[in-house]
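Asker: So that we are looking at the same thing, I have put the structure below in structure tokens.
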Amino acid sequence: MPFLSDTLSRVKPSPTIAVSNLAAELKAQGKDVIGLGAGEPDFDTPQNIKDAAKAAIDAGKTKYTAVDGIPELKQAICAKLQRDNGLAYTPAQVSVGTGGKQILYNALMATLNPGDEVIIPAPYWVSYPDMVLLAGGEPVFVEGPSQNGYKITPADLEAAITPKTKWFIFNSPSNPTGAGYTADELKGLTDVLMRHPHVWVMTDDMYEHLVYDDYVFATPAQVEPGLYDRTLTCNGVSKAYAMTGWRIGYAAGPEELIKAMRKIQSQSTSNPCSVSQWAAVEALNGPQDYIATNNEMFKRRRDLVVGMLSEIEGVTCPVPEGAFYVYPTITGLIGKTTPSGVVIDTDETFAKALLEDTGVAVVFGGAFGLSPAFRISYATSDENLREACTRIQRFCADLS
Ligand SMILES: Cc1ncc(COP(=O)(O)O)c(C=O)c1O
């Protein structure tokens, strides 16, 4: 009898975490490494949020809380969804978990039966397929090619739907591409979903606030109120408020689903950290002005990276609407050889050779389901980005 579960063999460890770990290891060995793998802002959590956490500790708010969130945070989430998205939810329709990741996982665990299909646009955030597999479902991928701004079309979505489809996972702006669907583009997709009443929508709005130029964020239940009763709107404080380590994510949706998610959480982690929940109340209810200030900085970095990568022959770098990632394709580099004789046969080989030869750590596109490409997180200093892009330019110029 094998000791490890069969389920475990269906999934792989997170490749993005693996890249971050490898970069940290090489750095610890004294190598000159620039890590562009991490998906988190490079600045500190705002002071008002840290103060709220300190006040919570001093006030003794350090005990177990309600399993899926304190009433004050659920209220703040309802207010946020109304304010930013025009969506009306009651606290009973809200669930708070240990990060956006746990929220998505709870929802899949609570709903998937063997053979249930989940449609995932590719490139995708690395965890979606593996979470679906862990929960016993089957991921079904729909490709959004670079020529289409990494977005899928309504026809692509319609073609992927079968009687077994349970969820459509939607993520805009996207990790890894930064692609953001306009309200019109999203309406095309929600029109398809209106024709298939058995399909639910899990929308991961984690990068809602990280948007640039004239792009306006839109979420499915807002664009198509007819989907309200079968949409789980997921979000969190990790990215917009630089709170990745605090581990607070949330979702709003039909009460029965929220109850089912609570049941999963009650038998696994119980409540998310009490202090972090109070910090999240301040994040959502407090001043929001630093989001715009941060976005100016992110936009400048995006433009710097897109500009420098676009100068490379064989690399195409679409301009993303949001998040803090760019996803250049490297079709023109496949088949070339490095000075040390490594043939770039895949984007994984490219990323490995790039790290070994230049110390720049990126994540290969295969990890996100669309090759040949790689992902850069530009949530690091301008200086680091300029140096990293210069090294990438040199590495590519030296290929023959
Ligand atoms: C698209 C997307 N969803 C969810 C998450 C998870 O967020 P959290 O850190 O709150 O678990 C991430 C984090 O990288 C993400 O990129």
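A short reminder: the numbers here are calculations on the coordinates, not readings from a lab. As the structure is a prediction and not an experimental result, all values here were calculated from the model. Cβ placement follows ideal geometry from the backbone for every residue including glycine, while neighbour counts extend to all protein chains displayed.
Asker: Rounded to the nearest 500, what is the 222 nm mean residue ellipticity of the chain from helices alone, with -39500 (n - 2.57) per DSSP H run of 4+ residues and division by all residues? Spell out each step's value before the answer.
Answerer: On the way: 14 runs with 163 residues, N = 400.
Rounded to the nearest 500, it is -12500 deg cm²/dmol.
Asker: Could you give the length gained by full extension between M1 and R394, i.e. 0.36 nm per residue of separation minus their alpha carbon distance, to one decimal place?
Answerer: Values: separation 393, 0.36 × 393 = 141.48 nm, distance 5.27 nm.
Extra length from M1 to R394 when fully extended: 136.2 nm.
Asker: Could you give the length gained by full extension between Q267 and K50, i.e. 0.36 nm per residue of separation minus their alpha carbon distance, to one decimal place? List each step's numbers first, then the result.
Answerer: Working: separation 217, 0.36 × 217 = 78.12 nm, distance 2.97 nm.
Length difference between fully extended and current span is 75.2 nm.
Asker: Go ahead and run the numbers for FRET between K31 and M194, Cβ-Cβ distance against an R0 of 56 Å, rounding to 0.05.
Answerer: On the way: r = 53 Å, r/R0 = 0.95.
The pair K31/M194 has a calculated efficiency of 0.60.
Asker: F141's amide H: which non-local residues (gap 5+, or another chain) put their own amide H closer than 5 Å, with H modeled 1.01 Å from N in plane and none for Pro or chain starts?
Answerer: I120
Asker: Please find, in a Gaussian network model of the chain (springs between Cα atoms separated by less than 10 Å), the residue of R83, R247, R262 whose mean-square fluctuation is greatest.
Answerer: R83
Asker: Provide the gained length on full extension for the span K164 to D345, in nm with one decimal, where the gain is 0.36 nm per separating residue minus the Cα-Cα distance.
Answerer: Numbers: separation 181, 0.36 × 181 = 65.16 nm, distance 3.63 nm.
My answer for the length gained is 61.5 nm.
Asker: So, with +1 on the Cβ of K and R and -1 on the Cβ of D and E, and no other charges, what is the size of the charge dipole of the chain about its Cα centre, to the nearest 20 debye? Could you put the intermediate results ahead of the total?
Answerer: Values: 33 positive and 46 negative charges, 199 e Å.
Dipole about the Cα centre, nearest 20: 960 debye.
Asker: Using every Cα-Cα pair within the chain, state what percent have a distance larger than 35 Å.
Answerer: Working: 21294 of 79800 pairs.
Roughly 27 percent, once rounded to a whole number.
Asker: Which entries of K239/K299; K151/K352; K239/K352 show an alpha-carbon separation above 18 angstrom in the structure shown? Before the final figure, lay out each step's value.
Answerer: Details: K239/K299 15 Å; K151/K352 27 Å; K239/K352 27 Å.
Where the Cα-Cα span goes over 18 Å, the pairs concerned are K151/K352; K239/K352.
Asker: Can you give me the angle between helix 255-266 and the longest principal axis of the chain, using Cα atoms only, in degrees from 0 to 90, rounded to the nearest 10?
Answerer: For helix 255-266, the angle is close to 70 degrees.
Asker: How far is helix 183-194 tilted off the main Cα axis of the chain, in degrees rounded to 10, range 0 to 90?
Answerer: 60
Asker: So, one more: For the pair S381 and S14, what calculated FRET efficiency results from E = 1/(1 + (r/R0)^6), where r is the Cβ-Cβ distance and R0 = 41 Å, to the nearest 0.05? Present the calculation step by step, with values, prior to reporting the outcome.
Answerer: Working: r = 25 Å, r/R0 = 0.60.
Computed FRET efficiency for S14 and S381 comes out at 0.95.
Asker: Specify which residue in the list T390, V19, V142 is farthest towards the positive end of the charge dipole of the chain, using unit charges on the beta carbon of Lys, Arg (+1) and Asp, Glu (-1), about the Cα centre.
Answerer: Going by the charge dipole, the pick is V19.
Asker: Ok, one more. Skipping prolines and chain starts, which residues have an amide H placed within reach, meaning under 5 Å, of the one on T165, given they are 5 or more residues away or on another chain?
Answerer: Sorted by chain and number, the residues that satisfy this are E117.
Asker: Right, next: Using only Cα atoms, locate the centre of segment 155-193 and the centre of segment 65-142, then give the distance between them in Å, rounded to an integer.
Answerer: Cα centres, segment 155-193 to segment 65-142: 16 Å.
Asker: How far is helix 289-310 tilted off the main Cα axis of the chain, in degrees rounded to 10, range 0 to 90?
Answerer: 30
Asker: Okay, next question. Amide H neighbours of T231 under 5 Å, at least 5 residues apart or on other chains, H built in the peptide plane: list them.
Answerer: Result for T231 returns V201.
Asker: Running a GNM on the chain with Cα contacts under 10 Å, which residue among L370, L112, L26 ends up with the highest mean-square fluctuation?
Answerer: L26
Asker: What are the ³J(HN,Hα) couplings of segment 152-158, residue after residue, when phi is run through the Karplus curve with 6.51, -1.76, 1.60 and θ = phi - 60°? Round to Hz, x for glycine and proline.
Answerer: Result, ordered by residue: 8, 9, x, 5, 4, 5, 4 Hz.
Asker: Let me check I've understood the local charge: for T7, count other residues with C-beta under 14 angstrom from its C-beta, Lys and Arg +1, Asp and Glu -1. What total comes out? Each step should come with its number before you reach the end.
Answerer: Values: positive: R10, K12; negative: D6, D130, E138.
Around T7, the surrounding residues sum to -1.
Asker: Of the listed pairs K31/K54; K74/K259; K61/K263, which have alpha-carbon separations greater than 26 Å here? Write down the numbers at each step before the final one.
Answerer: Values: K31/K54 37 Å; K74/K259 14 Å; K61/K263 23 Å.
Beyond 26 Å between Cα atoms: K31/K54.
Asker: Could you work out the relative contact order of the chain, using alpha carbon pairs under 8 angstrom and six or more residues apart, expressed as a whole percent?
Answerer: Once divided by the residue count of the chain, the mean separation gives 22 percent.
Asker: Something else: Karplus couplings for segment 114-119 from phi (6.51 cos²θ - 1.76 cosθ + 1.60, θ = phi - 60°), rounded to Hz, Gly and Pro as x?
Answerer: Calculated HN-Hα couplings, in order: x, x, 5, 9, 10, 7 Hz.
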